[in-house]
Every structure is written in C-alpha cells, then in structure tokens.
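Report on one structure; see the data block that follows.
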Amino acid sequence: MPTTIEHVGIVVDNVMEAKAFLGDVLGLEFHREVDLPNRGVKAAFFRSGSIQVEVIECVDPDLREGRLGPPGTRARIEHIAILVDDLNGHLDALKAKGVRTVPPDPPYTVTPGRTWVMTDPGTTGGVMYQIIELDK
C-alpha cells in the first residue's frame with residue numbers, strides 16, 4: 001500500500017540553474033544532493049512541506065536526450081515518486097492490474113537508502129511513477 005508521495009522528479013538542462021531557482025527564487029529548503037556517475041546523473045532535492053522536488057541533470061549525452069527531450073528543452077516533469085512499505089507486494093498488485101515496470105523483474109535499482117523501480121508510462125495513463133521502498 002502506498003504510504004506517501006515522496007517527490008516529483010524534474011529533468012533539467014542545468015542542475016545548478018535549477019538549484020538557484022528553487023532555493024533563491026522560490027525559497028524552497030535544500031535537502032540533499034547526489035552524484036551518480038554510474039547512472040550518468042546528478043540531482044538535488046528541495047523540500048516543500050512533506051513533498052520534495054528533485055531536479056536531475058543527465059551528464060551522459062545519450063541519456064540526456066532520452067530523458068530531457070530534443071535539443072533546446074530546458075526542463076520537463078519526468079516522474080512522481082511514491083513510497084511503499086513492501087515493494088514486491090505492491091508491484092505484484094500493480095502487475096495484476098496491467099502495470100508494467102522498468103525493469104520488469106528484480107533486481108530493481110538500489111541507491112543509498114532505497115530500492116526502487118519505474119512504471120512504464122504506457123501502462124499508467126502516460127505518467128511515469130517511481131515506486132520506492134526505503135531501507136529498513
């Protein structure tokens with residue numbers, strides 16, 4: 001069962017510019033920054049109440065075009081992240097309703113403090129969701 005929406009992920013052309021806007025212009029509270037060279041991304045998280053905004057810059061050119069879009073695109077909302085208590089149980093329920101994930105089967109992606117998987121937007125009304133279980 002979902003516990004909460006954790007964050008909204010936005011792919012951006014330049015994470016430093018996005019950080020300046022979110023912090024200096026909107027006044028959101030900076031939470032954390034991650035650099036994942038093995039995944040070709042760097043990201044920053046800002047808090048807005050109980051929800052976070054994640055801005056993601058793809059440093060790999062091939063990944064960048066696939067996630068950000070054609071040249072000239074500066075930003076786009078990519079996903080909504082939802083926390084669950086039991087990732088496998090939740091995914092079983094989603095799959096029973098026709099939802100596909102990327103990757104389709106374990107092992108799922110592991111980053112510090114969490115295990116997660118993305119939904120295939122073609123099976124979730126055009127929206128990509130990141131389903132996350134936090135380490136216990």
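The values are calculated or read from the model by the stated rules, or taken from the named source; none is laboratory data. Bear in mind that the values here come from a model prediction, so they are computed numbers and not experimental data. Positions of Cβ are backbone-derived with ideal geometry, glycine not excepted, and every protein chain shown enters the neighbour counts. Ligands, DNA and RNA are stripped out before the accessible areas are found, and what is left, the full protein with its side chains, is counted by its heavy atoms. Shrake-Rupley method; radii C 1.70, N 1.55, O 1.52, S 1.80 Å.
What's the total number of residues in segment 1-52 that are farther than 23 Å from D85 by Cα, surrounded by fewer than 18 Cβ atoms within 10 Å (Cβ to Cβ) and basic (K, R)?
Within segment 1-52, residues that are farther than 23 Å from D85 by Cα, surrounded by fewer than 18 Cβ atoms within 10 Å (Cβ to Cβ) and basic (K, R) number 2.
Tell me, yes or no, whether segment 84-103 has at least one residue that is within 30 Å of G23 (Cβ to Cβ) and either of a type in the set (D, E, K, R) or in contact (Cβ under 8 Å) with a residue 60 or more places away in the chain (or both).
yes
Hey, does segment 34-55 have a residue that's of a type in the set (D, E), at pLDDT 95 or above and farther than 17 Å from M128 by Cβ?
Scanning segment 34-55 turns up no residue that is of a type in the set (D, E), at pLDDT 95 or above and farther than 17 Å from M128 by Cβ.
Which is over 15 Å from I132 (Cα atoms), small (G, A, S) and either at pLDDT 95 or above or in a loop (DSSP other than H, G, I, E, B) (or both), of G27, G66, G9?
Every option except G27 fails the conditions.
Restricting the search to segment 81-135, which residues are assigned to a helix (DSSP H, G or I), of a type in the set (A, V, I, L, M, F, W, C) and open to solvent by 30 Å² or more (accessible area, probe 1.4 Å)?
Correct list: A93, L94, A96.
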